[in-house]
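Data first, discussion second: the structure below is written as structure tokens.
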Amino acid sequence: MSLESKFKLSMPADVLRAKYEEERTKRIRPDGASQYQELKGRFADLDEDPYITEKIVRDPIVTEHEVVILGGGFGGLCQGAHLVKQGIEDFVIVERAGDFGGTWYWNRYPGCMCDVESYCYLPLLDDTGYVPSAKYAKAPEIFAYCQMLGRHFGLYDRALFQTQVTGAEWDEAAKRWIVTTDRGDRLAARYLIMAGGILHKAKLPGVPGIETYKGHAFHTSRWDYDYTGGSPDSFMDKLGDKKVGIVGTGATAIQAVPHLAEAAGHLYVFQRTPSAVGPRNNRDTDPEWAASLKPGWAFEREENFTANISGRMPEPDLIDDGWTHIHRRNGAERAECPEDLALARELADFERMEEVRAGIEEIVKDKATAEALKPWFGHMCKRPCFHDEYLPTFNRPNVTLVDTKGMGVDRISENGVVVEGKEYELDLLIFSTGFEVTTDYTRRMGFDPVGPGGLSFSQHIENGLETIHGLVGRKFPNLFTISTLQGGAMPNYVTCAHEDAINIAHILRWAIAKGATTVQPTQQAADAWAATIEGSLGPFIEYNARCTPSYFNNELGATDENGQPKTWMPRNSVYGGPCDEFLAFLREWRASNGEERDLEITTD
Ligand code: NDP
């Protein structure tokens with residue numbers, strides 16, 4: 001019996017391979033990630049905060065702190081919480097938005113919800129005692145939870161909202177970071193922690209004519225409820241007579257489209273690449289189950305999720321959802337010898353995607369629409385989606401899928417969107433076109449810190465990062481980052497950001513106790529970590545190189561022989577090994593007092 005015959009495929013693996021390659025090739029563009037446009041210049045108004053009810057008026061502040069945290073999303077909130085737990089009280093959190101929440105402040109589009117189980121996704125549940133109301137909680141609840149964290153750990157008193165960091169420069173004499181803001185503030189900090197997030201800088205498609213569009217338009221992360229009516233929780237009552245278009249069919253659009261379809265006169269969904277959408281099976285939290293939970297339950301569950309997505313097959317699978325099923329059915333159980341493993345993994349991936357495609361055929365009645373909605377790529381090439389209402393939406397008479405066959409929309413006109421020469425007139429155009437992920441870190445943060453000797457952080461990255469666990473770099477003392485640069489990444493990114501925050505707080509408590517003026521990793525530790533990162537990338541690079549373009553592989557633009565962007569430097573990458581290994585590095589380091597071994601301090 002051949003290995004292939006143990007997998008349920010509707011066509012031979014070779015044919016599937018060829019089909020994936022054909023679809024992938026169609027989508028590769030020479031401009032790669034640079035195809036997108038920033039919400040700047042003539043698009044700057046699309047980046048305005050539509051949620052601020054009252055603009056804060058205040059004088060510039062000149063203060064000195066032990067720590068300045070940039071960002072009040074989950075990274076900054078976890079950081080603030082763990083500084084408080086470590087007894088470090090003198091810090092401020094600078095946040096551009098009008099409140100805490102980060103992603104959950106900005107993303108208020110209809111249908112927005114957690115796509116990872118919320119019992120694992122929301123950090124610090126064991127501390128707050130909170131139990132989410134559903135397996136996948138909706139965005140307003142998660143935003144409210146962020147506010148709860150702010151109150152629980154006393155972070156509101158330390159927040160500077162509606163304030164954007166515009167610069168940070170190392171003052172060698174004072175051994176402090178001088179942080180400046182768009183409010184004219186000057187904050188001197190012994191330690192600067194950059195927790196600016198990974199999906200916060202919205203992008204627009206690089207489509208000719210986009211600036212000529214005369215109708216109403218916005219990005220999904222700046223939802224204009226004044227125009228649509230309704231709220232994240234209620235029906236959008238002003239769209240009944242409107243022709244609405246949405247560009248993009250990623251994880252965001254999947255959630256928004258069913259709600260738009262219910263509200264709009266007509267909805268056009270402009271698709272370049274379909275997402276893989278599997279069943280969701282959301283359910284409300286059972287009050288009896290919630291009452292039965294023992295202290296530590298949330299950590300145990302999060303660990304179970306991480307073990308699952310790391311391919312560990314924990315028993316039982318506490319999460320038992322689409323994410324864990326993908327990772328548990330990886331073909332290994334059908335391989336007879338280690339040599340079979342790689343092929344078995346590929347065949348299992350094919351098999352799962354065959355099920356996704358079969359599900360579409362079953363749900364979507366119009367054959368051509370069903371065909372167009374079928375994804376032809378590896379399951380983890382793009383964020384897998386789970387939703388029970390997205391696919392049925394295409395059976396509605398007021399919804400049209402406009403499939404661009406992998407090419408993207410031709411252009412945008414004064415009146416609407418043009419695809420294959422046909423103009424679709426619209427009253428409202430919504431960009432569900434995602435966020436910058438792989439552009440330069442300092443571009444995404446909006447400023448370029450200047451370190452000792454005038455070295456800029458972007459130069460430091462270009463030279464090849466030298467950090468311990470991606471948290472603090474050599475040549476950049478006292479500047480900590482919660483990011484994917486030499487850091488961790490996983491479907492539940494909050495788990496990584498949280499672990500980073502714990503280690504940073506641990507390091508700072510130690511440094512402060514020692515009376516340190518500067519902290520940085522030893523050369524040896526930084527070299528060892530860079531080697532660990534480089535050594536982890538093999539399977540990760542191999543899988544992504546065969547994928548259809550996305551932010552996972554920097555849109556495959558201008559690639560080298562490994563399918564990686566030419567400017568991409570392996571040592572600056574994320575840790576490519578199993579997710580739980582990254583967490584283990586940090587935990588073992590902490591438990592063995594790695595700081596004594598791997599960090600250098602000065603006390604002058
Ligand atoms: P994505 O980057 O995933 O999707 C952007 C979409 O825009 C893609 O479908 C893309 O097509 C399309 N697009 C871009 N340019 C064009 C064009 N010229 N013509 C037509 N279509 C175009 O952004 P999302 O906001 O959907 O998701 C971003 C990330 O946010 C997710 O990967 C996920 O990590 C996170 N997220 C998390 C959620 C959660 O609950 N935790 C929920 C929602 C999002 P193509 O695929 O061809 O590039």
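The values are calculated or read from the model by the stated rules, or taken from the named source; none is laboratory data. Remember, it's a predicted structure, so these values are computed and weren't measured experimentally. Because the Cβ atoms are built from the backbone with ideal geometry, glycine has one as well, and the counts that use them run over all protein chains shown.
ILE28 falls short on exactly one of the conditions (1) under 29 Å from TRP223 (Cβ atoms); (2) at pLDDT below 95, and that condition is (1). If you filter the stretch 437-493 down to residues that are hydroxyl-bearing (Ser, Thr, Tyr) and not in a loop (DSSP other than H, G, I, E, B), you find that the one that is farthest from the chain's Cα centre (by Cα) is SER456.
The set of residues in the stretch 323-371 being small (Gly, Ala, Ser) and within 30 Å of the chain's Cα centre (by Cα) consists of GLY331, ALA332, ALA342, ALA344, ALA348, ALA358, GLY359, ALA370.
Could you tell me whether ALA168 is in contact with a Pro (Cβ under 8 Å, 6 or more places away or on another chain), small (Gly, Ala, Ser), surrounded by 20 or more Cβ atoms within 10 Å (Cβ to Cβ) and over 21 Å from PHE435 (Cα atoms)? Taking the combined requirement at face value, the residue satisfies it.
Evaluated against (1) at positive phi; (2) touching a residue at least 40 places away in the same chain (Cβ under 8 Å); (3) of a type outside the set (Ser, Thr, Tyr), ALA256 falls short on exactly one condition, (1). Here's a check for you: in the stretch 483-538, which residue that is in contact with a Cys (Cβ under 7 Å, 6 or more places away or on another chain) and not hydrophobic (A, V, I, L, M, F, W, C) is farthest from VAL116 (Cα to Cα)? Selected residue: GLY487. Taking the criterion of being assigned to a helix (DSSP H, G or I), within 27 Å of ILE319 (Cβ to Cβ) and more than 16 Å from the ligand (Cβ to nearest atom), the residues of the stretch 258-290 that qualify are PRO287, GLU288, TRP289, ALA290.
For the stretch 321-360, taking the residues that are touching an Asp or Glu at 6+ places or on another chain (Cβ under 9 Å) and charged (D, E, K, R), the one that is nearest to PHE7 (Cα to Cα) is identified as ARG334. Could you say whether any residue in the stretch 207-226 is surrounded by fewer than 19 Cβ atoms within 10 Å (Cβ to Cβ), within 12 Å of the ligand (Cβ to nearest atom) and assigned by TED's automatic domain parsing to the domain that holds TRP376? Yes, the conditions are met somewhere in the stretch 207-226. Selection of the stretch 230-257 for residues being under 23 Å from PRO205 (Cα atoms), in a loop (DSSP other than H, G, I, E, B) and within 14 Å of the ligand (Cβ to nearest atom) yields GLY248, THR249, GLY250.
Scanning the stretch 37-64 for residues that are among the acidic types (Asp, Glu) and either in a helix (DSSP H, G or I) or under 23 Å from ARG443 (Cα atoms) (or both) returns GLU38, ASP45, ASP47, GLU48, ASP49. The number of residues in the stretch 513-539 being in a loop (DSSP other than H, G, I, E, B) and either among the polar types (S, T, N, Q) or under 26 Å from GLN86 (Cβ atoms) (or both) comes to 6. Taken residue by residue, the stretch 183-192 has no member that is within 14 Å of the ligand (Cβ to nearest atom), surrounded by 20 or more Cβ atoms within 10 Å (Cβ to Cβ) and under 27 Å from the mean Cα position of the chain (by Cα). Residue count for the stretch 401-433, restricted to those that are over 24 Å from SER550 (Cα atoms) and part of a strand (DSSP E or B): 6.
Quick check, is GLY41 within 26 Å of THR163 (Cα to Cα) and modelled with pLDDT of 95 or more? Here the answer is no, as GLY41 does not meet what is asked.
I'd like the full set of residues that are touching a Pro at 6+ places or on another chain (Cβ under 6 Å) and among the hydrophobic types (A, V, I, L, M, F, W, C), limited to the stretch 436-478. Lay out the reasoning, then the answer.
Let us first name the residues in the stretch 436-478 that are touching a Pro at 6+ places or on another chain (Cβ under 6 Å), namely 457, 468, 474.
Hits for the stretch 436-478 are PHE457, ILE468.
Against the conditions (1) within 16 Å of the ligand (Cβ to nearest atom); (2) modelled with pLDDT of 95 or more; (3) more than 26 Å from ASP224 (Cβ to Cβ), SER34 satisfies every one except (2).
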